[in-house]
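What follows draws every value from the coordinates through simple rules; no lab data is involved. Every value quoted in this text rests on a predicted model; they were computed, and no experiment measured them. Positions of Cβ are backbone-derived with ideal geometry, glycine not excepted, and every protein chain shown enters the neighbour counts.
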Amino acid sequence: MRVFITGATGFVGGALARTLAAGGAEVHALVRPASSRSSLDGVPVRWHEGDITDPESLSRFFASAEWIIHSAGQLGQAGLSEDVYQRLNVDGTRNVLAAAQAVGSRPRVLHVSSPGVLGPTGAALADETAPCRATNSYEKTKAAAEEIVRFYVARGVAVSMARPGFIYGPGDKHVLLLFQAIKQGRFFYIDGGRYFCHPTFIQDAVNGMLLCLKHGKPGEAYHVLGPKPVTFRELGTEMASALGVRAPRFSIPKPIAMAGVYALEVASKVTGKMPPLTRTGVDFFGQHRQYSWKKARNQLGYQPTYELKRGITETVAWYRKQSWI
C-alpha cells in the first residue's frame, strides 16, 4: 500500500507515518525544504519537497497515490493572524483535494479535522450531527475545510473526515506546555476546574484515524476520542500525580481571568512579547468540550484502549526520557 501524508513532520502526521511504516506500508511524505525531519529518523519514509500552499508540488506528489492522509495545518497559537489559518487550513485543504481529484486512480483520502468545529458543547456529549459553532480562528477554518471536503466528495473524491480531540502523548509539544506549567506550580483552574475536556492518547487517535481512512464513508465525519471526558480538575490531578508534584490548588473565576488576560494581550502589543495566556486559552479551560464517539464505534469498530492514567503515565515517562520535563 502506497500512502502519502501531508504534515508528517508534525505530531499527528508523524505518529501516523510510524504506524503505517511499521505495518509494511510504503510511506511518502510531503515536507517543506526548511522543515526538520528528525522526528522520523529511522522510519522508512520517502520524502518529497513541496508545500500544501503550492498546488503544483502536490500534483507531482500524489501522482501514484493509493491512500492520501491530509494532516497538515495550523494549530491554535497566540498571536497568529487570520490569514495564516486561512492559508494553511482552508486553502491548503482545497489544494490537497484538488490534487487528489486530478489523480486518475482516485485514491481514498483522510482529512484530519477536529471536534473543535462544534465549539463549546455544553454539559451533554456532542455527536457528529451537532451544528458547527466554532468560536476562534482555528475552529472556524477547520469548519471551513470540512465544507471544502464536502464540495470535493460531491465531485467524486472519496474523502472521509476524522475528528481526533485534545490529543496528547509521546512526541507532543503542544500539551507539553500544560505538563510543564503543572510541574512548575504555575497552572490554575478556571471556575474550580469543573469544565469537561476529552483527552485522547495519540495511539488511540492513530488507530481511529486509520479505521476512518479504511472504512469511513465519503463526506462523513467521525469523532475519534479517548474513553471518556474528564474535568480539568481531574486532568490536572492526574498529571500532577504522574509528575510527582502537588496537584494545582488555585482557581480564578472566568470573568476575572478574562479581564486579566485581556490586559496581558494589550501589554503584549507594547512589549512585543507573547502573553502566557490568552482569551482563547481561558475559553478552552472555561467551557465544556466533550463528545460522543459512538458513531466511530458502530460504523468503524473503533474502541479506545488508553484510560487517562495509563496515557498520562506513559507520556510523562517519555518526556522524562527526552529531558523535556
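What the table shows:
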item	result
Highest-first arrangement of 247-256, 143-152, where packing means the average Cβ count within 10 Å	143-152, 247-256
Rounded to the nearest 20 debye, dipole of the chain from Cβ charges on Lys, Arg, Asp, Glu	580
Cα pair distances in the chain, grouped into 10 Å bins until the bin that holds the longest one, percent each	6, 26, 35, 24, 8, 1
Structure-based [θ]222 nm, the chain - -39500 (n - 2.57) summed over DSSP H runs of at least 4, per residue, nearest 500	-12000 deg cm²/dmol
Charge sum, other residues only, whose C-beta stays under 15 Å from Val43's C-beta, Lys/Arg counted +1 and Asp/Glu -1	+1
Least to most buried among Asp91, Asp204 (fewest other Cβ within 10 Å first)	Asp91, Asp204
Alpha-carbon centroids, the stretch 263-325 and the stretch 69-147: separation in whole Å	18
Of Lys217/Lys309; Lys142/Lys254; Lys142/Lys294; Lys142/Lys269; Lys142/Lys295; Lys142/Lys321, those spanning more than 24 Å from alpha-carbon to alpha-carbon	Lys217/Lys309; Lys142/Lys254; Lys142/Lys269; Lys142/Lys321
Helix axis angle, 202-215 relative to the chain longest principal axis, alpha carbon, degrees	30
Folded to 0 to 90 degrees: helix 308-321 orientation relative to the chain principal axis, Cα	90
Packing rank of 279-287, 105-113, where each peptide gets the mean count of other beta carbons within 10 Å, highest leading	105-113, 279-287
Degrees, to the nearest 10: 232-243 long Cα axis against longest axis of the chain	90
Hz values of 3J(HN,Hα) by residue in the stretch 104-121 - Karplus curve (6.51, -1.76, 1.60), Gly and Pro given as x	x, 6, 6, x, 7, 10, 10, 9, 8, 10, 7, x, x, 4, 7, x, x, 9
DSSP-loop trypsin sites (Lys or Arg not before Pro) across the stretch 3-86, with at most 15 other Cβ within 10 angstrom	Arg37
Under 5 Å, built H, 5+ apart or other chain: amide partners of Ile69	Phe4, Ile5, Thr6, Leu110
Simple spin-label estimate for Ile325 and Glu234 in nanometres, 7 Å along Cα-Cβ	1.9
Eligible aspartates and glutamates near Lys273 by straight Cα distance, threshold 16 Å, same-chain separation 8 or greater	Glu265
Reach of Lys214 by Cα under 20 Å, taken over aspartates and glutamates that are not fewer than 8 positions away in the same chain	Glu26, Glu66, Glu128, Glu146, Asp204
